[in-house]
Amino acid sequence: MLQNTGKLAGQTLFITGASRGIGKAIALKAAKDGANVVIAAKTAQVHPKLPGTIYTAAEEIEALGGKALPCIVDVRDEKQIGEAVERAVQKFGGIDILVNNASAINLTGTLETSMKKVDLMLGVNLRGTYLTSKLCIPHLLKSKNPHILNLSPPLNLNPIWFKNHTAYTMAKYGMSMCVLGMAEEFRGSIAVNALWPKTAIHTAAMDMIGGAEVGKQCRNVDIMSDAAYAIFGKPPSYTGNFVIDEEILKTEGIKDFDIYAVAPGNALLPDFFLDEAEALVQNMGDQVVIPVVKGSATTGGPIAETFNIIKGVLNPDVVKSTGGVYRFDLSGEHAGVWFIDMKNGGGSAGSGEPPVKADVIMTMDSADFTKMFAGKLKPTMAFMTGKLMIKGDMSLAIKMEKMMSMMKSKL
């Protein structure tokens with residue numbers, strides 16, 4: 001791991017969404033140097049599903065030697081951000097580094113995404129980043145080490161990264177466009193960069209999106225905090241970069257990346273928006289699971305044979321451990337609608353609509369369906385290349401992996 005050098009001692013970091021996850025990890029890394037950290041986040045009281053508050057984060061920061069200022073902030077609220085910025089300046093004398101980490105995610109297609117969700121993602125990701133930057137920049141211009149770091153991806157216009165979650169991509173790319181524009185606008189005065197992980201990062205939010213199993217294929221938050229720390233050591237001339245965590249850490253001399261793995265030795269889940277993600281998936285083992293989004297074959301033929309095998313592996317234990325109803329909308333040579341009910345009774349499967357409303361809808365070509373259940377097409381690759389779309393409960397989509405594993409020896 002990247003060692004602290006003390007270079008951030010006495011500097012003030014304003015970090016949005018710092019009560020947990022990557023934001024808090026960056027805060028704790030800076031605290032080890034003796035930095036001042038403004039925790040600008042919404043969680044003031046314990047959340048029923050997510051760990052940590054701005055106050056517990058403040059305690060951890062101070063326990064490591066830093067100074068903390070917890071501020072209740074919704075980044076969509078200009079008044080709250082403005083007040084937090086003024087409090088930071090009054091308490092610490094200025095702001096040296098802004099980390100735009102707060103983000104909202106909803107991985108659904110256009111028809112399934114409510115305008116409330118669209119407004120949330122655009123409000124937090126795009127508007128919140130722009131607004132917080134705007135209010136911090138006057139103070140950053142007075143700093144000797146001014147940095148803005150947005151946790152956002154490279155601007156990759158490959159349609160694959162839009163087709164299944166257009167609204168989220170638009171909102172996330174809005175953060176990246178802030179980097180592109182502000183880096184040029186303040187070139188020579190403020191370093192403005194983006195940081196994005198090469199692989200999925202294990203956070204509480206990831207557990208909520210993909211289920212607990214996905215954590216085994218993630219790296220921990222330390223790789224992102226180490227990468228951010230490396231960026232903060234660069235001069236203001238280092239600007240306009242879309243940095244990938246692993247790549248910058250290699251330039252810092254890090255060679256062993258297993259230290260960042262949640263479960264060393266397991267295949268790692270590639271993150272969104274990277275060209276090399278497809279190549280990375282090709283090297284993965286069969287144990288890959290997917291936190292993904294969006295979801296018509298004739299009776300008979302390979303699809304019917306596959307479902308006959310599925311019926312054979314259904315049992316009350318499988319139903320109890322899964323608790324989901326799946327619908328498959330298949331196109332191509334064996335087009336049709338099929339279902340698997342792993343929620344009711346001893347389970348059932350067959351052609352046509354499921355007996356009750358489906359929790360998950362999967363859409364793909366019938367030939368790819370057969371390959372996937374035979375273990376010849378990795379689900380992650382199917383999703384990454386646009387061959388698989390899933391709509392509904394993503395944690396249930398991941399549980400389908402267990403069914404596939406049970407069937408491999410029978411196909």
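The values are calculated or read from the model by the stated rules, or taken from the named source; none is laboratory data. Everything numeric in this text was worked out from a predicted model, so none of it was measured. Glycine also receives a Cβ, built like all others from the backbone with ideal geometry; neighbour counts cover every protein chain displayed. Areas reflect the complete protein model, heavy atoms only, side chains present, ligands, DNA and RNA absent. Shrake-Rupley method; radii C 1.70, N 1.55, O 1.52, S 1.80 Å.
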**OP:** Filter region 19-36 down to residues that are of a type in the set (A, V, I, L, M, F, W, C), open to solvent by 10 Å² or more (accessible area, probe 1.4 Å) and under 16 Å from Lys7 (Cβ atoms), then give me how many there are.
**Re:** 1
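From Arg187, Arg127, Arg87, grab the single residue that is among the charged types (D, E, K, R) and under 19 Å from Gly23 (Cα atoms).
Only one candidate qualifies: Arg127.
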**OP:** Please find, within region 160-195, the residue that is nearest to the chain's Cα centre (by Cα) out of those that are over 22 Å from Leu274 (Cβ atoms) and in a loop (DSSP other than H, G, I, E, B).
**Re:** Ile190
**OP:** Return only the number of the condition from (1) at pLDDT 95 or above; (2) touching a Lys or Arg at 6+ places or on another chain (Cβ under 6 Å) that Gly52 does not satisfy.
**Re:** (1)
Original post:
So which residues in region 312-339 are more than 14 Å from Thr363 (Cα to Cα) and hydrophobic (A, V, I, L, M, F, W, C), if there are any at all?
Top reply: Val313, Leu314, Val318, Val319, Val325
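Can you work out which of the residues in region 239-274 that are hydroxyl-bearing (Ser, Thr, Tyr) and surrounded by 15 or more Cβ atoms within 10 Å (Cβ to Cβ) is farthest from Met170 (Cα to Cα)? Walk me through it before giving the result.
First pass over region 239-274, keeping only residues hydroxyl-bearing (Ser, Thr, Tyr): 239, 251, 260.
Within this subset, residues satisfying the condition of being surrounded by 15 or more Cβ atoms within 10 Å (Cβ to Cβ) are 239, 260.
Numbers: Thr239: 23, Tyr260: 30 Å.
Selected residue: Tyr260.
Filter region 214-230 for residues that are assigned to a helix (DSSP H, G or I) and within 16 Å of Leu28 (Cβ to Cβ) and give the result.
Of all residues in region 214-230, those assigned to a helix (DSSP H, G or I) come to 214-217, 222-230.
Hits for region 214-230 are Asp222, Ile223, Met224, Ser225, Asp226, Ala227, Ala228, Tyr229, Ala230.
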